[in-house]
Amino acid sequence: MASTNAPTTTEYIQHHLQNLVVGFHPEHGFGIAHGAQEAAEMGFWALHLDSLFWSIALGSLFIWIFKSAAEKATSGVPGGVQNFVEMIVEFVDSNVRETFHGKSEVVAPLALTIFIWVFLMNLMDLIPVDFIPRAAEAIGIPYMKVVPTTDVNITLGLSLSVFALMIYYSFKMKGASGFFKELAFQPFNSPNFIVQLLFVPVNLLLEGVSLLAKPISLALRLFGNLYAGELIFILIALLPFYAQWLLSVPWAIFHILVITLQAFIFMMLTIVYMSMAHESH
């Protein structure tokens with residue numbers, strides 16, 4: 001914890017919201033940050049080891065479960081894991097068919113990966129807030145945040161990857177001139193060529209802001225909802241033991257809906273953005 005004695009409320013909250021950061025400090029050299037101040041002084045290139053570890057571990061778990069189900073799939077009576085995987089795949093596939101209007105072999109696997117991966121990262125929020133951090137402290141690790149989607153670096157990484165694919169397919173399907181025309185000739189247009197030229201700067205500004213807002217809003221929506229949920233669990237953990245159970249169980253049940261809904265929203269917006277990239281006006 002932040003002190004050798006029992007931590008204050010502020011120290012407890014700060015400890016649980018602090019990532020395990022490693023990077024180069026101007027005074028202390030390369031190493032792990034001991035507190036938010038040192039983490040900030042390490043600058044942009046510092047790494048959040050806990051967020052990276054849990055996101056990679058949960059992504060690997062997703063691959064292993066679905067790979068095992070595919071290898072053991074049978075045309076006879078399916079097992080529980082095969083039933084679950086088939087249900088998820090059919091659910092994602094139906095949403096892709098209803099929302100995506102182009103032809104692509106990438107969108108459905110991308111949507112499936114995003115939905116399951118984000119759901120698993122969100123699901124870590126249901127682990128008691130002291131369980132893993134205290135286990136980490138016992139082996140000498142000072143900080144351990146276990147919910148990757150409460151780290152804006154992770155959510156921005158996901159959204160920027162979707163944004164990069166969106167830009168790539170926009171150029172691939174429409175060409176550079178088609179993509180430029182889409183930004184320059186809407187929402188305001190005119191049959192008069194001179195008037196249309198006057199509209200171009202305004203259209204570029206409006207459409208450019210709208211385009212750049214997509215990955216930012218996608219990342220911050222997921223981050224904000226999960227960060228708020230984590231903070232409420234931390235505040236509940238500060239209450240007396242009986243109050244913790246009285247409040248944490250109903251909040252956890254409600255939070256299951258938030259966890260699932262945020263994964264679904266991230267997936268659906270990804271499908272919508274990819275569909276927009278494949279459409280031409």
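When a/c is below 1.5 the answer is rounded, else prolate if a/b is larger than b/c, else oblate, so apply that to the chain with a ≥ b ≥ c taken from the square roots of the Cα gyration tensor eigenvalues. Oblate, because a/c is 1.5 or more while a/b does not exceed b/c.
Taken about its Cα centre, the chain carries a charge dipole of about 640 debye when Lys and Arg each add +1 at the Cβ and Asp and Glu each add -1 at the Cβ. Based on the convex hull around the alpha carbon atoms, region 1-121 presents an average projected area of 12.6 nm².
Modelled spin-label separation between Phe254 and Leu231, with each label point placed 7 Å from Cα along the Cα-to-Cβ direction: 1.6 nm.
Annotation: amide H of His25 within the under-5 Å range of Phe30, Gly31, sequence separation 5 or more or interchain, hydrogens built in the peptide plane.
Looking at the square roots a ≥ b ≥ c of the eigenvalues of the Cα gyration tensor of region 206-258, which shape do they give, rounded for a/c under 1.5, prolate if a/b is larger than b/c, or oblate? The shape class here is prolate. For the chain, the longest principal axis of the alpha carbon atoms and the long axis of helix 152-184 meet at an angle near 0°.
Our estimate of slack between Val81 and Leu211, defined as 0.36 nm per intervening residue step minus the Cα-Cα distance, is 42.8 nm. A simple count of charges around Val147, restricted to other residues whose Cβ falls under 15 Å of its Cβ and scoring Lys, Arg +1 and Asp, Glu -1, yields -4.
Rounded to the nearest 10 degrees, the inclination of helix 80-99 to the longest alpha-carbon principal axis of the chain is 40 degrees. Over the chain, Cα pairs under 8 Å with separation of 6+ residues give a relative contact order of 24 percent.
When Rg and the Kirkwood radius Rh are both evaluated on Cα atoms of region 91-150, their ratio Rg/Rh stands at 1.25. Each Lys and Arg adds +1 at its Cβ and each Asp and Glu adds -1 at its Cβ; summed about the Cα centre, region 1-129 shows a dipole of about 360 debye. Can you give the angle from 0 to 90° between the axis of helix 49-71 and the longest principal axis of the chain, with both taken from C-alpha atoms, to the nearest 10? The two axes meet at around 70 degrees.
Taking the helices alone, the chain has a mean residue ellipticity at 222 nm of -24500 deg cm²/dmol, built from -39,500 (n - 2.57) per DSSP H run of at least 4 residues and averaged over all its residues. Taking label positions 7 Å along the Cα-Cβ direction at both Glu71 and Phe44, the computed distance is 4.2 nm, reported to one decimal. The charge dipole of region 82-226, taken about its Cα centre with unit charges on the Cβ of Lys, Arg, Asp and Glu (plus for the first two, minus for the last two), comes to roughly 480 debye. For Leu61, put the label point 7 Å out on the Cα→Cβ axis and report which residues of region 114-130 keep their amide N under 13 Å from it. Taking a point 7 Å out along Cα→Cβ of Leu61, the residues of region 114-130 whose backbone N falls under 13 Å are 116-128. Summarising the label geometry, the points placed 7 Å from Cα in the beta-carbon direction at Val106 and Met173 lie 1.1 nm from one another. Could you tell me which of rounded, prolate or oblate describes region 144-281, using a ≥ b ≥ c as the square roots of the eigenvalues of the alpha-carbon gyration tensor, with rounded for a/c under 1.5 and, failing that, prolate when a/b is larger than b/c and oblate otherwise? Prolate, since a/c reaches 1.5 and a/b exceeds b/c. I'd like the distance between the alpha-carbon centres of region 125-164 and region 227-252, rounded to an integer number of Å. If we compute the Cα centre of each part, the gap is 18 Å.
Projecting the Cα atoms of Ile114, Leu165, Ala228 onto the charge dipole of the chain, computed from C-beta unit charges around the Cα centre, puts Leu165 farthest toward the positive end.
Readers should treat all values here as calculations from the given coordinates under stated rules, not as data from a laboratory. In this text, all values refer to a predicted model and were calculated from it rather than measured experimentally. All Cβ positions, glycine included, derive from the backbone under ideal geometry; neighbour counts span all protein chains shown.
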